[in-house]
Each structure stands twice: as structure tokens, then as C-alpha cells.
Number of protein chains: 2
Amino acid sequence: MNGEVVTEEAIRRRVTLGAVARTVGVSIATVSKVINGRSDVAPATRARIQAALLDHDYVARGLGGVPQGGRTLELVFDALETPNNLEIVRGVTEAVADSGIAVVVGVVPDDPLGAEWARRIAGAQREGVILVTSTLSQQQRNHFTETGVPLVLIDPVNIPDSSMPSIGATNFSGGMDAAKHLTELGHRRIGMVEGRADALCGVARLHGYHAALAAAGITPDPDLVRPGDFTFQSGYQAGLDLLDLPDPPTAVFAANDPEALGVMAAARVRGLRIPEDLSVVGFDDMSPSRWASPPLTTVRQPFAEMGRAAAEALFQLATGETLNSTRVELATTLVVRESTAPPSR
Amino acid sequence: MNGEVVTEEAIRRRVTLGAVARTVGVSIATVSKVINGRSDVAPATRARIQAALLDHDYVARGLGGVPQGGRTLELVFDALETPNNLEIVRGVTEAVADSGIAVVVGVVPDDPLGAEWARRIAGAQREGVILVTSTLSQQQRNHFTETGVPLVLIDPVNIPDSSMPSIGATNFSGGMDAAKHLTELGHRRIGMVEGRADALCGVARLHGYHAALAAAGITPDPDLVRPGDFTFQSGYQAGLDLLDLPDPPTAVFAANDPEALGVMAAARVRGLRIPEDLSVVGFDDMSPSRWASPPLTTVRQPFAEMGRAAAEALFQLATGETLNSTRVELATTLVVRESTAPPSR
DNA sequence: GTCCCTGTCGAAAAGTTTTCGAAACATTGA
DNA sequence: TCAATGTTTCGAAAACTTTTCGACAGGGAC
């Protein structure tokens, strides 16, 4: 019964901003502002208007009854896998919370070209796109510039063009901090598990490692640097290889946390204790690292803040401003837990 | 260069219906009708207007610059924290990939009432809402039924109404499998760390534990069941308490993986080895559990499939079909790794 | 007291959609 | 053939919403 009345009335005469405004005793403009989350409305007034909106069963509509999907931003991952990515989602949604923009999460399609895809996003009227750990060709980039959709990269594997806005972390100094932490503990033979060879962030960490070794007056041993691809499995394999060396390292720095956990697993298999027999440092500080046994010493990347920064950069681009800096690197911090100790030997 | 011109002009004076109308030589109303797909426009006129729209790079907007964004579905979490939630995102996006519906990810607002929130979602014309691990009051539920937005729950903390569609896992039989695995290994003193007391899924796992004990002819010892709240910290505390008992358990079943990792940390602190001195079973199989040292035996919840099932249920509801079953429980599977072994004693 | 800043609000302007009537044309019936 | 009637197409005006910008009030700072 109720439903019928509502329908009847809704068709006859829709609840309009004016009606709500009259009952509250404010102007139409003010009611509009409340609905659109504008800031220049006093909290008390806002509350009264919201109550009235509720009271009148006001349904939002762009104009004349066509409802809007609202403003949206597209957040695109290469894969929905690591906990880091969830952190990024969190950062972006938080940054966007006040502005009334919704976050659409997606993964990059199999279609490698992506012209179609760029068009689809432009057609959906996204405010912009945030691409996470992407490999973007110049051509793919062009598809976006053509459509005029703002694009910001988080932790890109490669940077197709120096003019492309991107957010990252201080991978070099983070890698240096990690290795320096180990040298300061007294380690001299420090192994490293690399990241994907083609990924910028991984090589920066490697260079940081080398810099810290040089600063401590340690001559690098190529045998102690092993390839990896950011997976647990590669860390495990590299860990076994390192530990089976005639003169094995007393500490290992892994290019990310899954690799570090893999090294820890390798140490366990070889009957070594952490940190007494082997120190391990990771990179990322994903949530489970603190729950490892023992809790992992690692370099924290501020993923949520990176997401936030990316969203803010996107807003600037969307409003036509130019970024003060196209490449932003947020500070990493070394988090010392229990997987590192002075060498026993 | 092109970019600059576009931006400049876009800010200065947006392309308006009037401009397009003038160049085509029709009224603003007619252009509006073409954009909104109204029928009362001659095919020839429509074609000319569409060409002109394209020509002028007209950007659709409801009013004053609010663009519309295609079909969307809202996926709402209590918090963007556990890796499980990322799995759910993955399942939903996969399920939705073909249908051209975008997934908007959000978190429940602080505003506990949520009438405002329900209206916003209805106003944004979402196809529906998927709520993950929610505590939903009857009143909050009503806000949604009133607006007519389909609503599906994943792993709800409580179920306000038996008619509410929800997706979960077979928590009872999962809990039973976990405990049975331990009894079959020969354990007789099996501890349990509970989940949040108010969460349905947690108590179901507890009942499963009791059922398995009963089946093995073990009389339950209330001392061996400790409270928890699904966090690492609570698992750690409960683990210490259990291990400090005069007659400590030889195995512990934790209501989820973070708790289980907490128990493992407690064992480490007490100098016990896993699985020799203590077996540990978790629940969830979040990705890092397989990377623990030792890899955690746990009950896998098919989060991605749950997300997929929720999306499909939503589609049915959105098309007006009734669900064949309002409550769907997907099967859990016991994943035996290296954190469990027969008791040494 | 004066100046300036900031927060709040509304009047007016700008943009869009819908309603409804007019014009043009086709169709029907005699 | 001609009038009556329906149909299609289109625009003027009305209705609705958002944004811009100016006004006003209430603090500080000096």
C-alpha cells in the first residue's frame, strides 16, 4: 500500500529541492550543497537539511529525473594479489572520501593493446586513472593522452616518459637503510635477493644495497647477489643457494617481504635459526610480516600514503593544474623487529 | 600543445548544449534529447547532432559538470585490512568482468545510522550492494529495502533477517575438519582460540570443534577454549595462556589465520617447536599463511568464489528474479601443511 | 577602532531536461 | 477531393539543479 502511494506521488510530483528547502527554511542552493557534500554549510544547518531530505524521501537526480552514477576514478592493478595492493586501495578510498568520488577497482585486461580499454574508461567519464605496478608502453600511454583522461602511476615497473606523473617510494635509500642496518650490526657477508630485473624499484633497492656496502668498506661479492622475481618461491630458492655456499652469508636482504619469508623458510629447512644464525631483512612491511616467526625486520613502504598521494595528484590534473613535480617519492622507514641480530660468528 | 588548448578551453568555457545546437541549427532541447536517447528525434537530425557532439568533444554531464559513469555495483567492507578482503575484491571483479559493470569499493562510513548512506548509494544508481563482514541492524536493512537497492551479504557478523541473501562458507564443517584432523593425528588435548563472540562464523567453527571432539570421544575441557577476536594479538595472548596451563594442549585450533600465527608466535616465545611440540591449525588460508615458518595447516575459505557468488546473486536480484536460496554456504577445504604432526608425547 | 580573514548563506546565472503545444505530414473515411 | 484524425518532429517555456559570487557576521591581530 505504502509503495503504491509513494509511486503515485513520485510520478505526479517529484520531491524537489525547493520543497525540502522550504520546510527547512533555507535556500535551494544550500540544500543542493548538502547533497553534493560542499563544505560551505554549517554543521547544524547540514544536519537539519539531511533530516528533512530523509523525511521527504528525496531521491538524488542529476536533473529532471535522470540519476547520476556520481563521479568516479579508476584504480587499476596488474593483479589483485599482494596485501600491499589492499593498502593502496585503502589510501585511495580515504583520500577520496570527502570529495564524493567513488573508487572503481579493476585489473588490467588481457588485451595488451588497450586502445579499446582507454576508450571505455574515457567513455565512462572517469575523473582519471591510477595504474599500479604497471608496464606501460609509449603507445599505450598515447591512448590515454588522446582521450584526455588524467593518468597517475603508482610504483611503475617502467616509466615510458619522464613527463608521466608517478608515485613511488624511496627505494634507493630504503635499500641502503636495510643494508646499513646489517653492516651496523656487524655483518660483513650480506646476501641479497634481487627483484624482477626489469622493475625500476627492484634495481634501485639493489643499488642502495651496494651503496651501503661501499660505505661500510665492504667489497661486494657477486656470488652473494641472487636473482629473484618478488615471489616467495624465488626467495626460497635464492635462500637455499646462498646458504649452500662454501662461505655463506650471515645476513640476507631480500627485495621484498615475500622473498624474505622465502629466505626464512630456506633457513628453517637448513636447520638455521633466525636471527641467531642468519639475519633477514625484507622490503614492504606488508601486514603479515609482523606476524612472522620471528617478526620480520623490514623497510616499510607507505602504501596507503602512496595511494592517497596518487589520488591527490589526480585531482590536481583533473582540475587542469600542472603538478609541481611529476615524480614523487615517499619516504620509507626501516622497521626493526626480531629477524635481525649481530652475527654470532 | 593540444593538451594545453583543450584544458584551457575546457576550464574557460565548457562545451555546452547551446553551442552544439547552434552549429547544427536546432534547439537545445533537441540536442538534449539525442544525448538522452529520446525517441522523438528524426534519424537524420539525430545523426547530424551526434556528429556535431563528437566534433565539439562534448562531455556529458548531468548538470553543472557531473558526469555519469556507466553501470556500477558497490562492494563495501567494514575495513580494508585482511588479505581475505582482497580475494573477495578479486572474485567480484572477475564475476563482473564480462557484464560491463564496474566495481566500486568502499568502506562503511562512521555514521552508524546509514540512512544518508543508503540514499547516496541509491542516488548513485548502483545495480546493488555487496556488504562484507557487516553488522547490519534491522533498521539499517530497511533503509535499503526502501530504496529498492538489491543487497547481498558476504560472511555477515549477524543476519538481521532470514530473508536477507547472504554468502558464507561451511564454517561448522570446516571447524570440524580442522579438529578432526588433529584427533586423527592422535591429539587428545586440543585447545581452541575463539573468534569474536558476536560473529556467527566464529561460533559455528567452535561448534564444529566441539562436534569433532565428541566424535572422537574426547570430553571437552573448558580450560582449553580461550576467547579471541580474530586478531594476531588475541591469538598470541590465548596461546601464552594455553601453553602456561599446568596440563597444556598438544594442539591448538585457531578461529582464523592471524590468531593461528599469534599462537605460533607464543609457542616460539615459550621455546616450543612447531609441529614437534605443538600443532597449530588456522582458518581462512590467507596468502601469507603458506609462507609462515612452518607453513600453516589451515581450513581454506574460497573467498574469491564467495565474491563471485555474491555478484551473481546480485545480478539475479537486480533482474527481479528471486533467489533459489537466500543463504549459500560454499565448501571449505582442509589444507594440510607443516604446522601439524602427531603429538610427540 | 580598523583591517583582514574565514565561514555561512542566498541571489542570480548557467546548464540541463521535461512538458506541452505547434507545425508538418501522413492516413483514413466519406 | 476534402475534411478529420493521428503521427512525427521540433522548439518555447517551464522546471529543476548546480555553480559563482557577493554579502554579511563573527572573530582575531594590530
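Rule-based calculations on the coordinates, nothing more; no lab input. Remember, it's a predicted structure, so these values are computed and weren't measured experimentally. Note: ideal-geometry Cβ built from the backbone for every residue, glycine included; neighbour counts use all protein chains shown.
As a check on your grasp of the helix formula, calculate [θ] at 222 nm for the protein assembly as shown: sum -39500 (n - 2.57) over DSSP H runs of n ≥ 4, divide by the residue count, round to the nearest 500. Result for the protein assembly as shown: -13000 deg cm²/dmol, rounded to the nearest 500. Seen from B:ALA318, the other residues with C-beta closer than 14 Å to its C-beta sum to a net charge of -2, counting Lys and Arg as +1 and Asp and Glu as -1. Between A:GLU146 and B:THR23, what is the FRET efficiency for a Förster distance of 22 Å, r being their Cβ-Cβ separation, to the nearest 0.05? Plugging the Cβ-Cβ distance into 1/(1 + (r/R0)^6) gives 0.45. DSSP finds beta bridges in the protein assembly as shown, and of those with both partners inside it, around 15 percent are antiparallel. Averaged over peptide B:132-144, the number of partner chain Cβ atoms lying within 10 Å of each residue's Cβ comes to 0.
Among the GluC sites (Glu not before Pro) within the range A:240-313, those in coil by DSSP and having at most 15 neighbouring Cβ atoms inside 10 Å are A:GLU276. Computed over chain A, the percent of Cα pairs more than 36 Å apart is 39. Say a paramagnetic label sat at a point 7 Å from the Cα of A:ALA97, along Cα to Cβ; which residues of the range B:78-93 have their backbone N under 12 Å from it? Once the point is set 7 Å along Cα→Cβ of A:ALA97, B:79-80 turn out to lie under 12 Å by backbone N, inside the range B:78-93.
Legend: mean number of C-beta atoms from other chains within 10 angstrom of residue C-beta atoms, peptide A:83-95, equals 4. Computed from the Cβ-Cβ distance with R0 of 45 Å, the FRET efficiency linking A:THR45 to B:ALA215 stands at 0.10.
Counting only DSSP beta bridges whose two residues both lie in chain B, roughly 10 percent are antiparallel.
Counting only Cβ charges, +1 for Lys and Arg and -1 for Asp and Glu, the dipole size of chain A around its Cα centre is about 1020 debye.
By the count of other C-beta atoms within 10 Å, a proxy for reagent exposure, A:MET164, A:MET192 are ordered fewest to most as A:MET164, A:MET192. On alpha carbon coordinates alone, what is the Rg over Rh value for the range A:211-342, Rh being the Kirkwood radius? Ratio of gyration radius to Kirkwood radius: 1.10. Taking the convex hull of the alpha carbon positions in the protein assembly as shown and averaging its projected area over all directions gives 35.0 nm².
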